[in-house]
Amino acid sequence: MFFTIRVIALLSLLATRVSTSVVEPFGVEHLENRADVPDNFRSPPYYPTPKGGWVPAWEEAYAKAHAVVSKMTLAEKVNLTTGTGFLMGPCVGQTGSAPRFGIPRLCLQDGPLGLRNTDHNTAFPAGISVGATFDKKLMYDRGRAMGEEFRGKGVNIHLGPSVGPLGRKPRAGRNWEGFGSDPSLQAVGAAETIKGVQSTGVIATVKHLVGNEQEMYRMTNVVQRAYSANIDDRTLHELYLWPFAEAVKAGVGAVMMAYNDVNGSASSQNSKLISGILKDELGFQGFVMTDWYAHLSGVASALAGLDMSMPGDGSIPLTGSTYWGGELSSSILNGSLPLERLNDMVTRIVAPWFKFGQDKDFPLPNFSAYTQNAEGLLYPGALFSPRGIVNRFVNVQGDHHKLARVIARESITLLKNDDDLLPLGRNWTLKVFGTDAGTNPKGINSCTDKGCNKGVLTMGWGSGSANLPYLVTPEDAIRNISKNAEFHITDRFPRNVEAGPDDVAIVFVNADSGENYISVEGNPGDRTKAELKLWHDGDELIEAAANKFSNVVVVVHTVGPITMERWINLPSVKSVLFAHLPGQEAGNSVTDILFGDFSPCGHLPYTIPKAESDYPDSVSLINQPFGQIQDTFSEGLFVDYRHFQKANITPRYHFGYGLSYTTFNFTEPAMNTVTPLSEYPPTRKPKGKAPSYPNDIPPGSEVAWPKNFNRIWRYIYPYLDDPSAIKPKPGYPYPDGYSTEPKPDPRAGGAEGGNPALWDVAFTVSIKVTNTGKKAGRAVAQLYVELPTDSAYPTPKLQLRQFEKTATLEPGQSEVLKMEITRKDVSIWDTVKQDWKAPGAGKGLKFWVGESVGDLKAVCEAGESCKLSG
Ligand code: BGC
């Protein structure tokens with residue numbers, strides 16, 4: 001049952017690939033079959049791919065990796081680069097091993113909110129909730145707690161965090177896995193998560209690079225090539241790449257490429273993206289993997305900079321065919337792929353393994369992502385598989401339920417609270433409506449990968465979901481507190497409900513989305529059918545409650561923006577809480593807020609529009625079942641609030657908005673110039689030296705099948721039948737622009753993330769926040785940068801670049817929040833110079849501090865002074 005949907009999806013994928021009488025390899029022919037990308041969107045060749053190991057922070061790890069890789073046979077090297085095949089081990093992906101050096105098969109497992117498809121794990125709040133906390137420490141703490149759990153289960157490589165999609169399309173299926181529709185918020189969320197995860201020794205994977213802003217048509221198949229996300233250079237740098245750059249700066253060990261093409265070249269073999277931007281300009285030192293089944297070619301992808309194929313399968317999954325494995329061995333022996341490239345691929349994989357200490361006491365996988373039985377098939381995808389103990393049910397939860405509750409609570413965003421209806425009194429009479437207050441009657445984990453919307457919505461669906469170890473529903477939690485609550489866990493408003501004049505109706509509603517391999521209620525990942533509306537006629541339920549009761553609280557669990565115009569202004573709808581996607585502690589976190597044990601302190605990580613038509617047309621879902629979709633990001637930098645401001649459209653609620661039970665005053669804004677700016681950053685240092693190896697083609701015997709080897713059918717091996725017969729064969733058709741001559745160092749590079757001078761603190765801004773209300777609470781200060789208005793670069797008026805959250809302030813208490821603004825924060829991407837430029841060397845810059853992008857309290861002008869603006 002566990003993976004049925006995935007297997008069905010795979011089989012249908014397979015069916016589409018073998019629909020003609022001839023089974024065609026899914027490779028080069030297919031890639032020729034691309035549509036023309038519009039002019040101005042180009043992905044020029046970038047060769048050779050830069051080697052890893054030249055950054056000082058990675059020196060020691062690379063030295064260790066070099067010592068080991070120098071002694072590896074060709075088979076061992078190939079093993080580490082290639083997955084062993086779908087369902088060929090306990091994890092969602094695993095590489096082969098190099099046991100002589102203590103390197104086991106590396107286990108890769110989803111996902112961004114916790115361990116997928118296992119037991120005794122924590123189902124943390126999703127990324128979108130974490131973004132809504134605007135709390136850097138909680139972002140880190142969640143990363144660390146997840147890292148502990150992944151390590152405890154023996155996972156080497158955590159497949160998270162997700163920062164692509166960024167949330168360009170409000171209906172896109174997987175926005176909720178990330179932290180919100182703003183690059184800086186995504187960047188901080190990702191960097192803190194990565195630092196937390198990697199502090200436990202687990203390698204984090206930032207994904208999906210880049211432009212996977214819609215689920216439908218994301219994957220190339222035999223009838224249709226994946227869409228091409230056509231992104232101009234400036235937009236790429238200032239929006240979509242921004243969080244990836246911060247992830248690299250945070251030292252992330254792995255990057256997963258997207259399924260889609262970028263500017264007409266498949267992400268998993270896009271040399272400009274992988275080699276030019278990620279490895280050269282951003283100085284990425286770890287390894288680059290495909291998304292699952294996004295591997296499209298053998299030599300070409302390796303030349304373009306790909307380091308790991310996941311899950312290893314080639315054109316036809318579950319047949320043992322692969323573009324790498326034995327094929328990679330051949331390509332080395334016949335001289336088409338330079339050994340230098342393979343050596344770099346392996347070194348990039350082994351270096352993070354050493355850097356994060358996985359050579360010392362790192363557990364082997366003790367779970368199976370495919371069954372919950374103790375015993376089972378060791379290779380569930382094999383024709384004949386040995387059996388053994390596959391699940392040891394290791395409890396890795398520790399006390400993480402506490403953190404899960406805190407994050408869920410801190411994310412809850414109060415949008416409306418007329419007459420201070422909230423918090424509720426403990427003895428008030430409550431009438432609770434909506435299936436979203438209850439549980440899934442079939443069981444909390446009954447739908448594979450959460451591919452249904454029943455009961456309280458704790459997360460979206462797909463590979464980014466996790467099993468709930470338990471679920472506290474809102475119904476359970478309200479029952480624990482209130483003796484006077486009546487529950488109507490149905491989405492139809494009941495006929496005979498009594499409404500006393502002081503009764504409070506609490507209506508639970510939701511909006512779901514997920515990953516494309518599952519369709520839920522007509523939504524293939526994206527909210528294609530549901531649009532931005534509440535699911536299950538939630539609007540009607542709220543209206544019915546508002547007709548009958550004069551005090552209505554609406555609680556929304558949602559993956560992203562919804563439209564709420566039908567009911568938001570109804571006089572009896574007094575309070576609205578966005579509880580986002582809270583995970584296992586859904587109920588306790590919402591009652592913590594409803595009954596006033598804590599003041600709400602979450603803020604919206606996206607804009608809520610009045611109508612879907614308020615967004616630019618270019619961010620609508622594209623539906624085109626034939627030919628390659630050209631998804632051109634023609635709105636450029638103007639997504640989410642950046643668009644609303646430019647188009648002068650007042651949204652229903654601004655990005656960053658969120659009320660509290662108390663009130664805050666922002667006073668005493670102050671600014672310091674720390675590092676005077678020049679227009680362009682100081683020149684970078686040249687790259688250091690990367691490890692090198694002898695480049696002689698190894699003897700074929702290194703990849704001959706070992707004697708008496710017990711082959712598992714369909715398992716992907718590096719071995720070949722008669723490798724000694726393979727001789728160097730000139731004439732490989734290298735791609736246009738291919739060269740082995742290293743490119744000059746890109747001027748925007750220089751260290752992990754880019755030129756280190758980009759992170760020089762240029763200014764600090766501080767503000768005093770005082771609790772002026774009657775309850776304790778936490779405030780968030782958001783800092784928006786306004787570039788000089790006369791700048792020649794059309795730029796969104798305001799862009800979030802920093803934020804800080806106070807501790808819990810008692811009434812009357814104050815705290816001074818200090819925010820650092822880096823050179824990069826005030827720069828635009830100069831597409832001609834290929835560098836970051838601070839227009840006017842920072843002259844005329846303004847820094848706005850507020851509680852949302854629509855509620856600015858103070859402004860500081862660079863070189864001048866600050867003043868209150870509210
Ligand atoms: C998803 C990835 C995920 C992978 C492995 C893919 O379909 O896009 O995010 O990590 O599967 O499950």
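Nothing in this text is a laboratory measurement; each read-out follows from the coordinates by a stated rule. Quick caveat, the model's predicted, so the values are computed rather than measured. Here the Cβ positions follow ideal geometry from the backbone for every residue, glycine too, while neighbour counts run over all protein chains shown.
Mind scanning LYS169/LYS272; LYS51/LYS153; LYS195/LYS687; LYS153/LYS442; LYS77/LYS727 and naming the pairs with a C-alpha gap bigger than 21 Å? Provide the component values of the computation, followed by the final result.
Details: LYS169/LYS272 25 Å; LYS51/LYS153 32 Å; LYS195/LYS687 24 Å; LYS153/LYS442 27 Å; LYS77/LYS727 19 Å.
Violating the 21 Å limit, Cα to Cα: LYS169/LYS272; LYS51/LYS153; LYS195/LYS687; LYS153/LYS442.
Hull surface divided by four, with the convex hull built on the Cα atoms of region 236-367: how many nm²? Write out the running numbers ahead of the final one.
Details: hull surface 37.7 nm².
For the Cα atoms of region 236-367, the hull's average projected area reads 9.4 nm².
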* Computed FRET value (nearest 0.05) for ASN708 with ILE389, which takes r as the C-beta separation and R₀ as 22 Å -> 0.30
* Structure fact -> One finds the C-alpha centres of region 251-294 and region 170-202 to be spaced, in Å, by 17
* Asked: In the chain, what percentage of the DSSP-assigned beta bridges are antiparallel, given to the nearest 5?
  -> 60
* To do: Would you mind computing, in nm to one decimal, how far apart the modelled labels at VAL223 and ASN484 are, each placed 7 Å from Cα along Cα→Cβ?
  => 5.9
* Structure fact -> Checked against the positive end of the charge dipole of the chain (+1 on Cβ of Lys and Arg, -1 on Cβ of Asp and Glu, about the Cα centre), the farthest of LEU787, PHE644, SER575 is LEU787
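Under a point-charge model restricted to the Cβ atoms of Lys and Arg (+1) and Asp and Glu (-1), what is the dipole moment magnitude of region 400-604 relative to its Cα centre, in debye to the nearest 20?
Numbers: 19 positive and 26 negative charges, 70 e Å.
Here the size comes out at about 340 debye.
With both partners inside region 400-604, how many of the DSSP beta bridges are antiparallel, as a percent to the nearest 5? Don't jump to the answer; show the numbers that get you there.
Values: 5 of 26 bridges.
Here the antiparallel bridges make up roughly 20 percent for region 400-604.
Could you compute the net charge surrounding PHE664? Neighbours are other residues with a C-beta less than 15 Å from the C-beta of PHE664; K and R count +1, D and E count -1.
Working: positive: LYS768, LYS774, LYS775, ARG778, LYS805, LYS857; negative: GLU668, GLU804, GLU810, GLU815, GLU851, ASP855.
With Lys, Arg at +1 and Asp, Glu at -1, the neighbours total 0.
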* Asked: For LYS431, which sequence-distant residues (separation of 5 or more, or a different chain) have an amide H within less than 5 Å of its own amide H, given hydrogens modelled in the peptide plane?
  -> GLU486, VAL504, ALA505, ILE506
* Would you mind getting the Kirkwood hydrodynamic radius of the chain from its Cα pairs, rounded to one decimal in Å? => 27.7
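Multiply the residue separation of ASN648 and ASP502 by 0.36 nm, subtract the distance between their alpha-carbon atoms, and state the gained length in nm to one decimal.
Values: separation 146, 0.36 × 146 = 52.56 nm, distance 4.04 nm.
Full extension of this stretch gives 48.5 nm more.
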* To do: Over 23 Å between C-alpha atoms is what I'm after, so list which of LYS454/LYS548; LYS64/LYS689; LYS548/LYS774; LYS797/LYS824 land there.
  => LYS454/LYS548; LYS548/LYS774
* **Integer Hz, Karplus 6.51/-1.76/1.60 couplings in order for region 529-537, x for Gly and Pro** => 8, 5, 6, 9, 8, 5, 7, 6, 6
* Amide H to amide H under 5 Å from TRP836: which residues, 5+ apart in sequence or cross-chain, H placed 1.01 Å off N in plane? -> ASP830
* To do: At q = 0.08, 0.12 Å⁻¹, work out log10 I(q)/I(0) for region 400-604 with the Debye formula, treating every Cα as an identical point scatterer and leaving solvent out; two decimals please.
  => -0.24, -0.54
* For the chain, what is the charge dipole size about the Cα centre, in debye to the nearest 20, if Lys and Arg each add +1 at the Cβ and Asp and Glu each add -1 at the Cβ? -> 1340
* Structure fact -> The answer for the net charge of residues other than GLY525 whose Cβ lies under 13 angstrom from its Cβ, with Lys and Arg +1 and Asp and Glu -1, is -1
* Asked: Tell me which lysines have Cα within less than 18 Å of LYS818's Cα, excluding those fewer than 8 residues away on the same chain?
  -> LYS136, LYS137, LYS768, LYS805, LYS846, LYS857, LYS867
* Using a Förster distance of 60 Å, how high is the FRET efficiency between THR73 and ASN665, based on the Cβ-Cβ distance and rounded to 0.05? -> 0.30
* Asked: Under a plain spin-label model, where a point goes 7 Å from the Cα along Cα-to-Cβ, how far apart in nm are ASN334 and LEU378?
  -> 3.3
* Residues of region 747-774 with amide nitrogen under 15 Å from the 7 Å Cα-to-Cβ point of VAL674? -> 756-767
* So, in nm, how far is label ASN547 from label TYR693 when the simple model puts each one 7 Å beyond its Cα toward the Cβ? -> 7.2
* Structure fact -> Contour minus Cα-Cα span, GLU864 to SER814, at 0.36 nm per residue, comes to 15.5 nm
* Structure fact -> From DSSP H assignment alone, runs of 4+ in the chain each adding -39500 (n - 2.57), the sum over residues rounded to the nearest 500 puts [θ] at 222 nm at -5500 deg cm²/dmol
* Rounded to whole Å, sorted largest first: equivalent-ellipsoid semi-axes of region 791-867, Cα gyration tensor -> 29, 13, 12
* Round to a whole angstrom and tell me the spacing of the C-alpha centers of region 841-869 and region 307-351. => 52
* To do: Take each complete run of DSSP H in the chain, measure how far its Cα atoms stretch along the helix's own axis, and keep only those covering 18 Å or more with mean Kyte-Doolittle hydropathy at least 1.0; list them.
  => 4-17
